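This report refers to the structure that appears directly beneath it.
The values are calculated or read from the model by the stated rules, or taken from the named source; none is laboratory data. Being a predicted model, the structure only gives us computed values, none of them experimental. Positions of Cβ are generated from backbone atoms using ideal geometry, with glycine treated the same way; all protein chains shown enter the neighbour counts.
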Amino acid sequence: MGSKSSSLNKIPNAQELMQETGFSAAHILRLYERFEFLDVDQRGELRPEDFGAIRELSMNPIGDRIISAFFSPGKEAVDFASFVRILAHFRPTETNRTRDGAQPEPANSRTRKLKFAFQLYDQDRDGKISREELLQVLRMMLEMQVTEEQLQSIAERAIQEADLDQDDAISFDEFRKSLEKVDIDHKMNIRFLS
Amino acid sequence: MPSRTGSHSPTGTGKSLPERGLLLLMVLVLLEGSVLPLGAASSPDISHQKNVDNHKVEDEKNYTKKAFPVLDLDYHHIQTPFEISLWVLLASVMKLGFHMIPRLPGIVPESCLLITVGLLVGGLIKLAGEKVPPVLDSQLFFLCLLPPIILDAGYFLPIRPFMENLGTILMFAVVGTLWNAFFIGGLLYAVCQIQPANPSELHQLEILPCLLFGSIISAVDPVAVLAVFEEIHINELLHILVFGESLLNDAVTVVLYHLFEEYSAAGTVTVLDGFLGIISFLVVSLGGILVGAIYGILTAFTSRFTSHTRVIEPLFVFVYSYMAYLSAEMFHLSGIMALIACGAVMRPYVEANISHKSHTTIKYFLKMWSSVSETLIFIFLGVATVDGPHHWNWTFVTVTVILCLVSRIIGVVGLTCVINKFRIVKLTTKDQFIVAYGGMRGAIAFSLGFLLKKEQFPMREMFLTAIITVIFFTVFVQGMTIKPLVELLAVKKKQEAKRSINEEIHTQFLDHLLTGIEDICGHYGHHHWKDKLNRFNKKYVKKCLIAGERSKEPQLIAFYHKMEMKQAIDLVESGGGVNLPSAVPSTVSMQNIQPKKPPPAKPVEKALPKMTKGREEEIRQILRSNLQKTRQRLRSYNRHTLVADPYEDGFSELLIKKQKMIELEKKIQHMNNYLTVPAAPPDSPTMCRARLASDPQAYSSKPAAERVPTIQVDLASPQSPDSVNLMDEFRRADQQEEDQGLMMKPPSGQSGPNRPGEEDRGREQQKLTRCLSDPGPSADEEEDEPFLP
């Protein structure tokens, strides 16, 4: 439809984005509208404060982590393309899409989804979730309702269970292995992005 | 009662020959014995009664003195309870019997065998010339036999998969059942009307009775589904789909049944009636759920106050649930949905409030009752079949069977096409086949047919025959073949493993993540509402319904607590070795008790985190040095150097002992508060005291080497060896404290020298001894459900 394609033209690099992430035109449009809604200063990019304005997000225990996941290390703002790329992780996995070897793994593959989640734990990007990082996450999730000893015990046990190479930290492979029974494809999906 | 002396040749092979023979003997005796009293139900032993009466009358008139009756037979006094017990006993013995026969349970599902037994018993009764008691009388069935099964299903319903697939389940239940009913009813009518030249009795059948019949026969039966699916261990998704459908289609069935029954007399159904029917459906289903939820909340609230009367906790669960069912039935709402709602709503709160033992009691009672009910239902089906009255009509019956199959397949396939557009995880052809094939009919259909009045429905007998044929077909043919088909099609089986703490943590994390992303996208989806519900639950509901501190306990902590408990129990059961490899918790005795689940593959030992080598060495050092110290003291043993002279002043010894006990108790309390939010405080002080005073466990498994060569006070002393040991423990404990600052507590000495240093162990063993007598919640996938999804 004419109107749609013209509004699609407003979006820079819309076609490449669609190609790269697999979103349809309607999705890109919708995400762009949301982006503009969040971008109160009309700067064309989002800052952490813009995210912070979302009320429910501020109530989320790991809200801050999620926000920081949108921003690559060092950068203070996220443009629309990055915004869409991050959200592409939450598209439902397509099982029967044939991929030739040349294409990079799509953003919504199971591995990429897990990697995204892993990076939320692993703040210092050393490829492992150390005990301290796990404790931080637990503290955030349990919201001060437990004592330090309890946290320590839980973290201890979690690492015990997952840590196969005995390095007292959880690597990405161990992380993936511990979640092999969980249906990630089902869990990490936002429905309307299908 | 006559009894046969054994002239039976035992069947079966192998070593348990005498056992089998005995069992067979018992079974036959029971059968024989049951026939007569049950038959006697309808033809009472009038003569005997009359004699007694006569005697009595005569006595009164003549006062002739008779010999005092030393032994008298008065069957009627106990007749009804006796018969009921006999039936239940028969059912249970049959169940036992099946599992003794080697390969049979694998090939033939239990339900088939039970129906066969019912046929046999019915046949025997008929042969004996007695009248078969109307056992599947709808009162008995709907009020007594069905509720336990449904409550069991509802209480242990896996909420998370159920909610995730709710849309699909509802589609199958509502639209699928409607489709089935109209398709079968309509086509049957059409078939009955063909051959106008050759009028048969079928032509009398009107459209409305046909539709009524269609609605009766179209509903998938939860009892039959449960009975068969329990044995094939199919993956969770399929299980919940078929099972959920069988539960939720009750509302549809109730409405359709009443609608058609009401208007069968009138002969027509107008659009208005149809509209009212739809409204009625909404009222029936939502009303049923509401009634159930109200009772569920009542139960949860009541359980909040039961901390002082733990013994009757299970009673509240059962009685409130039953009342929910009855109340719903009173208003002609859907009783099944009420029960499901009641069980599902009350469960998280009740489990947070009740003790371990009550939990176990509820679980086992529910399983027991539902098992017995199910067995009885199938046996009665067999008996009722023999009873008749039957009216076999080839056309009608065969067409019905074929139509049932066809409509189910078309229905499932058609609905899946529509549903798959909305599902993330699509249903494959294999899944569809299993869902279609698993649509079994059962006793509910029969009872509903039985309820029809003969005057209104002259074709009632024909209906009953057809219903029974369909039931037999689905249970026997489909029931027996579904297992090999599942193997053949390589359908995914149920995953046995338990949830690890990692999964729990990460799943929660992902939940939060998804909620956050949804908020960023501005999309009010699934996660958003779930999160809102959780928040509401945490803020308001839990405070009201959960007693004390537990209301603030976060889900993760509760889960962790449960895991640790299970593990500690497993450790004790497996003997508590020194060096246990890390793996999945053992499930040795707890799983064995469960009637329906098969024993797990292998008991693997697990444990508590290992200590590093250095630490172990350290502790060994400490112990060794301590041992030396006491030995030294012992060498210079002199009755006067002991703190308290055991030969003389027993009183001072007692005082010191008491003092030490109090101190120790304080320490234990202090320890106890570490790991958990104090749950069930009334237990701990008493248990602690009991443990300290007389628990043999605390001392039994201590290796001899470690035990301080105790002052073998030879028994002129009033003290028991135990109390002297106690003294030693205290002394040693104190010494440890003074010397090393290490808390070495006496009960923790129990698992060997390598562990005592860890505070965790001490704590766990306390929790352990608290629940040693009762295995507690067993390792079960139902258990692993977090309180709220």
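For the stretch A:40-53: of the residues being surrounded by 17 or more Cβ atoms within 10 Å (Cβ to Cβ) and either without any contact (Cβ under 8 Å) to a residue 24 or more places away in the chain or on the phi > 0 side of the Ramachandran plot (or both), which is nearest to the chain's Cα centre (by Cα)? Checking each candidate, the answer is A:Phe51. A count restricted to the stretch A:139-190 and to residues that are touching a residue at least 12 places away in the same chain (Cβ under 8 Å), of a type outside the set (Asp, Glu) and outside any helix (DSSP H, G or I) stands at 8. B:Gly449 - would you say it is more than 14 Å from chain A (Cβ to nearest Cβ), within 17 Å of B:Val228 (Cα to Cα) and touching a residue at least 24 places away in the same chain (Cβ under 8 Å)? When the stated conditions are applied, B:Gly449 does not pass them. Only one of the numbered conditions (1) at pLDDT 85 or above; (2) touching a helix residue (DSSP H, G or I) at 6+ places or on another chain (Cβ under 6 Å) is violated by B:Ile278, and that is (2).
Residue-by-condition table, conditions (1) at pLDDT 90 or above; (2) touching a Pro at 6+ places or on another chain (Cβ under 8 Å):
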| residue | (1), (2) |
| --- | --- |
| B:Asp137 | no, no |
| B:Leu140 | no, no |
| B:Leu146 | yes, no |
| B:Pro158 | no, no |
| B:Met163 | no, yes |
| B:Leu170 | yes, no |
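Within the stretch B:520-547, if we keep just the residues that are buried (at least 17 other Cβ atoms within 10 Å of the Cβ) and assigned to a loop (DSSP other than H, G, I, E, B), the residue that is farthest from the other protein chains (Cβ to nearest Cβ) turns out to be B:Ala547.
Wholly within the stretch A:54-93, which helices (runs of 4 or more DSSP H) include no fewer than the required count, namely at least 2 residues that are within 13 Å of chain B (Cβ to nearest Cβ) and buried (at least 20 other Cβ atoms within 10 Å of the Cβ)?
Helices (runs of 4 or more DSSP H) meeting the threshold: A:63-70, A:80-87.
Among the residues making up the stretch A:135-169, those that are within 22 Å of the chain's Cα centre (by Cα) and more than 8 Å from chain B (Cβ to nearest Cβ) are A:Leu135, A:Gln136, A:Arg139, A:Met140, A:Ala169. Report yes if some residue within the stretch B:487-501 is in a helix (DSSP H, G or I) and away from chain A (no Cβ under 14 Å); otherwise report no. Looking through the stretch B:487-501, at least one residue is in a helix (DSSP H, G or I) and away from chain A (no Cβ under 14 Å). Scanning the stretch B:470-502 for residues that are buried (at least 21 other Cβ atoms within 10 Å of the Cβ) and either without any contact (Cβ under 8 Å) to a residue 60 or more places away in the chain or of a type in the set (Gly, Ala, Ser) (or both) yields B:Gly479, B:Asn502.
Scanning the stretch B:75-108 for residues that are over 26 Å from the mean Cα position of the chain (by Cα) and of a type in the set (A, V, I, L, M) turns up just one, B:Ile78.
Of A:Lys187, A:Lys181, which residue is in contact with a Ser or Thr (Cβ under 8 Å, 6 or more places away or on another chain) and facing chain B (nearest Cβ under 9 Å)? Within the list A:Lys187, A:Lys181, the selection yields A:Lys187. Flag set for B:Gly522, criterion: without any contact (Cβ under 8 Å) to a residue 12 or more places away in the chain and on the phi > 0 side of the Ramachandran plot.
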